[in-house]
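Working notes for the structure below.
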Amino acid sequence: MTSDSTTGAGLSPDLNAWIGRSQVQCDVIDAGRAQRLQATLDDPNVQLNAGDALPPLWHWAYFCEESRHSDLGADGLAVGKGFLPPVDLPRIMWAGSRVSFPAPLVIGQEAVGRSSILKISEKQGRTGRLCFVTIRHEVLQEGQLCTDEEMDVVFREATEGPEQLPAGHTAPETSDWSQAITPDPILLFRYSALTWNSHRIHYDREYVTAHEGYPGLIVHGPLLATLMIDLLRRQLPDARVTGFQFSALRPVFDAADFIVSGKRDGNLVGLWVADSDGLLAMDGSARIEV
């Protein structure tokens, strides 16, 4: 997966200066975090240990930015003081990713994570100004590229009163497999802790309802994506996922169960999340080798 850095036309000089910014981190793909993710997801497989392959998307529990507490804003994020640029919009969400898995990450070995800001762009949306930041993350072991991801983060304006959700579309009615998930606060807290995610929208009910106008805690976009791939792994345990892309369409809240579904078409698997109203909350597709 490759992309060229793009200078954002019309961006402030402060934001333009962040395009091309990069960082390198080292981490050990230790078994402890993998085992805790297994427990959090109720993974039915045998306990992961050194030498095993890390499941796809579980790299999000590693290479966490260790921002100082004093650098965090009121929302729990270090915007402008960590790797994310100082965008002057108060709402931030993970909009989607495109990930390829050229080789498995091996548990128990050191890995190198390389991150760079590819582009920053602004546009006018339904809720006002939007700023999109595209970041590339690469994870390597022994010089071998194992995970190559482009992720899109969107910054938005705040709205007065309750947050107005997108109208949404009805999720597909037919699937090969589906699973109901109960997004209780314990699940959200444990995933936040494992991924070192201090964004208050995922665990602080008073903050997310009173300050951001949402009806409940928001289920992490990466957690939804991980549950999509988890469904595929449960149904096709011998398949190797070589690529995955997803887009977040509507937020999912902890107030009611949601449904993760999948439908296979040869070496492509459509995966999606339907919220408690039956609307499409996240849409994605995976490439597999069997």
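The values are calculated or read from the model by the stated rules, or taken from the named source; none is laboratory data. All values reported here derive from a predicted model rather than from experimental measurement. Positions of Cβ are backbone-derived with ideal geometry, glycine not excepted, and every protein chain shown enters the neighbour counts. Just so you know, the surface numbers come from the protein's heavy atoms only, side chains and all, with ligands and any DNA or RNA stripped out. Shrake-Rupley method; radii C 1.70, N 1.55, O 1.52, S 1.80 Å.
What the table below lists for this structure:
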| item | result |
| --- | --- |
| Accessible-area value, R36, 1.4 Å probe, nucleic acids and ligands omitted, Å² | 130 |
| Heavy atoms of F101: accessible area, 1.4 Å probe, square angstrom to 10 | 20 |
| Residue (of G82, F155, I19) at the positive-pole extreme of the chain, dipole from beta-carbon charges | I19 |
| Residues M93 and D14, FRET efficiency given R0 of 30 Å [Cβ-Cβ distance, rounded to 0.05] | 0.90 |
| Over the chain, equivalent-ellipsoid semi-axes from the Cα gyration tensor in Å | 28, 24, 19 |
| Residue-averaged 222 nm ellipticity for the chain, from DSSP H runs of 4+ at -39500 (n - 2.57), nearest 500 | -4500 deg cm²/dmol |
| Vicinal HN-Hα couplings computed from phi for the stretch 176-192 (Karplus, 6.51 cos²θ - 1.76 cosθ + 1.60; Hz; Gly/Pro x) | 7, 8, 7, 8, 7, 10, 9, x, 6, x, 5, 4, 5, 4, 5, 5, 4 |
| Long-range HN-HN contacts of A95 with modeled amide H, under 5 Å | D152, V153, V154 |
| Percentage of interatomic Cα-Cα distances in the stretch 47-194 larger than 27 Å | 39 |
| Accessible area of V106 in the full protein assembly, 1.4 Å probe (Å², nearest 10) | 40 |
| In the stretch 132-161, the GluC sites (Glu not before Pro) that fall in loop regions by DSSP, at most 15 other Cβ within 10 Å | E142, E157, E160 |
| Cα-based equivalent ellipsoid of the stretch 192-253: semi-axis lengths in Å, sorted from largest, via gyration tensor | 29, 12, 9 |
| The chain - charge dipole about Cα centre, Lys and Arg +1 at Cβ, Asp and Glu -1, debye rounded to 20 | 320 |
| Set of lysines near K81 by C-alpha distance (under 27 Å), chain-local residues within fewer than 8 positions excluded | K119, K123 |
| Alpha-carbon centroid distance for the pair the stretch 186-210 / the stretch 46-114, whole angstrom | 15 |
| The stretch 80-182: trypsin sites (Lys or Arg not before Pro) in DSSP loop, at most 16 other beta carbons within 10 Å | K81, R126 |
